[in-house]
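*Asks:* Can you keep this structure in mind? I'll have questions shortly.
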Amino acid sequence: MIKVAIIGTQGVPAKYGGFESLVENLLGDNCPDDIEYTVFCSGKDMHERLPEYKGAKLRYIPLKANGMQSVPYDILSLCKALNGYNVVLVLGVSGCLFLPIFHLLNSKKLIINIDGMEYKRDKWGFFAKKILKMSESMAVKYADEIITDNKAIHDYVAMEYGKESRLIAYGGDHVLRKVSEEFVEDTLKSYGLKKGEYAIAVCRIEPENNCDMVLKAFSQTDKTLVYIGNWGHNPYSQELREKYSAYPNIKMIDAIYDLDVLFALRKNAGIYVHGHSAGGTNPSLVEAMFFGIPIISYDVVFNRATTKNKAYYFKGPDSLLEILNRTNLDGSKLKKIAEKNYTWKTISAQYAELYK
């Protein structure tokens, strides 16, 4: 039995972001019989402290997993993972400044998914960006295996550090649900929507996701936008909600964790809008590809790599508006790409191979 400790997420059940969704889908039916996972979770963020979940053991750290506490959270998790595991899987680089010490104390296999150049995100200040860049370099130096989730990040690691990484993307097929037509109709009706007659966006409301740019474009058209995110999370999101709430065609909806409801909304949209400008493979983009609807994505190398250049790309409100006004958009090729590359059975098997 290979015992694997997972460090760096808020915890499971997944209720936050991409890494949480990754862990959620490495567990359960996707987990090989010879692997036993322990997931380190935030005792501050996870209101229900389950001892186990989908066959994995859960251990709680008395700190928040994000923001200023993310660094000590990851370091304390690493300390508690020094004994009892064959493999330590770290998701993200927040606590990687501790790795020189961890390396001296730990002889187990260390695998790190470095995420997507976290230090470039707009939400971080000057000093935070410097620390995150140092953490990234420590991760690359001390990891036995480096995971990158996107070809662009894979190439960046090779050029920046002269190191090879394992390219393992995210899965997205967990978003496909079996729901009744009556449920779909009731869901759309509750939000005042009609099949195929609205655009949808799902993301955390942060500057690097170009939320303001997307909202500005839709405020200049009568096309309906359903924008799902954490609108009360920070001053940026609150200001956007106040600024654009007066537009009747823009529906700003708080985060939805009911996968059936989310399925009904995404499956029946006419367009998916993806504004992320940072990171590697954004999980929400992979998920959207499984619905086979046209995707209009912010034009950066990460998004082009994920979609194999088969989406539509914008750089600002004007180019987004130009694409929105077209009548020949198609997303069928994206669905085929997703089914070939982004299923969780495939992703889980790739992780399992690294442990061995």
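*Asks:* Tell me which helices (runs of 4 or more DSSP H) are completely within the range 292-356 and hold 2 or more residues being under 30 Å from residue 87 (Cβ atoms), or say none if there are none.
*Replies:* 301-307, 332-341, 344-355
*Asks:* Let me confirm something: among 343, 327, which residue is over 20 Å from the mean Cα position of the chain (by Cα), among the β-branched types (Val, Ile, Thr) and surrounded by fewer than 23 Cβ atoms within 10 Å (Cβ to Cβ)?
*Replies:* Within the list 343, 327, the selection yields 327.
*Asks:* Which members of the range 48-94 meet the condition of being small (Gly, Ala, Ser) and at pLDDT below 95?
*Replies:* Once the filter is applied, which keeps residues that are small (Gly, Ala, Ser) and at pLDDT below 95, the range 48-94 yields 65, 67, 70, 84, 92, 94.
*Asks:* Would you check which residues across the range 95-124 are among the small types (Gly, Ala, Ser) and either modelled with pLDDT of 95 or more or more than 16 Å from the chain's Cα centre (by Cα) (or both) and list them?
*Replies:* Across the range 95-124, the qualifying residues are 95, 107.
*Asks:* Any chance the range 265-276 includes a residue that's among the charged types (D, E, K, R), outside the structural domain of residue 15 (by TED's automatic domain parsing) and over 24 Å from residue 193 (Cβ atoms)?
*Replies:* no
*Asks:* Okay, moving on. Inside the range 176-204, can you point out the residues that are surrounded by 22 or more Cβ atoms within 10 Å (Cβ to Cβ) and of a type in the set (A, V, I, L, M)?
*Replies:* Hits for the range 176-204 are 199, 200, 201, 202.
*Asks:* Search the range 5-44 for residues being part of a strand (DSSP E or B) and of a type outside the set (A, V, I, L, M, F, W, C), and hand back the single one that is nearest to the chain's Cα centre (by Cα).
*Replies:* In this case the residue turns out to be 42.
*Asks:* Can we say residue 27 is of a type outside the set (Ser, Thr, Tyr) and over 18 Å from residue 105 (Cβ atoms)?
*Replies:* So residue 27 fits the description; yes.
*Asks:* So, one more: Does residue 334 count as without any contact (Cβ under 8 Å) to a residue 60 or more places away in the chain, touching a strand residue (DSSP E or B) at 6+ places or on another chain (Cβ under 8 Å) and surrounded by fewer than 18 Cβ atoms within 10 Å (Cβ to Cβ)?
*Replies:* no
*Asks:* Those residues that are hydroxyl-bearing (Ser, Thr, Tyr) and more than 30 Å from residue 350 (Cα to Cα), I need them from the range 168-202; list them, please.
*Replies:* Across the range 168-202, the qualifying residues are 180, 187, 190, 191, 198.
*Asks:* Right, here's the next one. Identify all residues within the range 317-336 that are under 13 Å from residue 220 (Cβ atoms) and not hydroxyl-bearing (Ser, Thr, Tyr); write none if there are none.
*Replies:* 317, 318, 320, 321, 322, 324, 325
*Asks:* Given the criteria assigned to a strand (DSSP E or B), in contact with a Phe, Trp or Tyr (Cβ under 9 Å, 6 or more places away or on another chain) and not aliphatic (A, V, I, L, M), does residue 57 qualify?
*Replies:* When the stated conditions are applied, residue 57 passes them.
*Asks:* Among the residues of the range 274-309, what is the count of those that are farther than 17 Å from residue 20 by Cβ, among the polar types (S, T, N, Q) and in contact with a Ser or Thr (Cβ under 9 Å, 6 or more places away or on another chain)?
*Replies:* 4
Results for (1) β-branched (Val, Ile, Thr); (2) out of contact with any helix residue (DSSP H, G or I) (no Cβ under 9 Å at 6 or more places or on another chain), shown as yes or no for each residue.
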{"residue": "196", "(1), (2)": "no, yes"}
{"residue": "204", "(1), (2)": "no, no"}
{"residue": "224", "(1), (2)": "yes, no"}
{"residue": "236", "(1), (2)": "no, no"}
{"residue": "240", "(1), (2)": "no, no"}
{"residue": "252", "(1), (2)": "no, no"}
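*Asks:* Anything in the range 187-216 that is modelled with pLDDT of 95 or more and of a type in the set (D, E, K, R)? List them, or say none.
*Replies:* 189, 194, 195, 197, 212, 216
*Asks:* Now a separate question. Looking only at the range 131-155, filter to residues that are of a type in the set (S, T, N, Q) and more than 18 Å from the chain's Cα centre (by Cα); which one of those is modelled with the highest pLDDT?
*Replies:* 137
*Asks:* Do the conditions hold for residue 143, that is, is it crowded, with 17+ Cβ neighbours inside 10 Å and either touching a residue at least 60 places away in the same chain (Cβ under 8 Å) or among the small types (Gly, Ala, Ser) (or both)?
*Replies:* yes
*Asks:* Take the residues in the range 287-313 that are closer than 17 Å to residue 209 by Cβ and small (Gly, Ala, Ser); name whichever of them is nearest to the chain's Cα centre (by Cα).
*Replies:* Per the stated criteria, the residue is 288.
*Asks:* Answer with yes or no whether residue 72 is surrounded by fewer than 18 Cβ atoms within 10 Å (Cβ to Cβ) and either part of a loop (DSSP other than H, G, I, E, B) or in the same structural domain as residue 258 (by TED's automatic domain parsing) (or both).
*Replies:* When the stated conditions are applied, residue 72 does not pass them.
The values are calculated or read from the model by the stated rules, or taken from the named source; none is laboratory data. It should be emphasised that the depicted structure is a prediction, and the values quoted were computed from it without experimental measurement. So basically every Cβ, Gly included, is an ideal-geometry build from the backbone, and we count neighbours across all protein chains shown.
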